[in-house]
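Before I ask anything, here is the structure I am working with.
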Amino acid sequence: MNRSAGYTLIEVLIMLAVTAILAATVLETVRASASNGFRIEQAARNASQDYITLAGVRRAVENTRAEYTNEPGVFAGDDTQFRALTALPVTTMRPGTQRYALRFDNERDGASLIYEDGSGEFRVSYWPGAQGRFSYFGPEVEQRVGFVARPGEPTARAWRSEWPFQSGLRSRSGQSYFRALPLAVRAEIELPNGESHIIVFQIPATAPPKPRIEDMLGTLEP
């Protein structure tokens, strides 16, 4: 007697088992791919954010402007922070020059590079177990007097742990009406393995503020 057309119970069970195994394999592959894709996307976003943040800070420092000595925003810094004026702040869209600051927060567990302007502050980078400090590159001695550059030998320059020192153009009374900017700022991060990570912000030569009548007449107070 011929068996009626169709599948036996054993064949159906085998087919269901194979289908379940294939489905589980495909599902696990899809989950792994999705997880890897998410991690790759997150890493790319983090790297992009770090780059944009550091690039924005670099543009702010490169657009630092000189200011009168008796006005707020004169460039001043030590080994932990510096403050100045910039024509291109990172977090505010208001036109004109704005005050900003860049500092190291050195804690026991690491060093944070913090940027601050009129819109607030945020952490640019963090190095676990590290310590950071700033130094400033500029002329060794005053090379200008009055409003005319002094001719002679090229200016000697050196890295300093603070700024300003005796630098800037001087009025006829000998008082400086603005402070010259450093040519560069160096952020040095001492890593726990003994190596150093260096970030150098260059400050292109910018025009000083236009001398005022009181500057030229020598009536500016120190």
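Going by how many other beta carbons lie within 10 Å of each one, how would you line up D215, D79, D117, D109, fewest first?
D109, D79, D117, D215
Amide H of I203: which non-local residues (sequence gap of 5 or more, or other chain) have their own amide H closer than 5 Å, using H built in the peptide plane?
Long-range HN contacts for I203: A184, V185.
What distance in nm separates the two pseudo spin-label positions at Q131 and A76, each 7 Å out from Cα along the beta-carbon direction?
About 2.5 nm, to one decimal.
Mind giving me the FRET efficiency for R108 and R157? R0 is 45 Å, r the Cβ-Cβ distance, nearest 0.05 is fine.
It comes out at approximately 0.80.
I'd like the FRET efficiency for V200 and L27, computed as 1/(1 + (r/R0)^6) with the beta carbon distance as r and R0 of 41 Å, rounded to 0.05.
Calculated transfer efficiency: 0.20.
In what order do M216, M15 fall by count of nearby beta-carbon atoms within 10 Å, going from fewest to most?
M15, M216
Given a Förster distance of 30 angstrom, what is the FRET efficiency for R186 paired with A207, based on the Cβ-Cβ distance and rounded to 0.05?
Calculated transfer efficiency: 0.80.
Any read-out appearing in this document is the output of simple, stated calculations on the displayed coordinates, not a laboratory observation. Here the structure is a predicted model, which means the values were calculated and not measured. Here the Cβ is made from the backbone with ideal geometry for all residues, glycine too, and neighbour counts use every protein chain on show.
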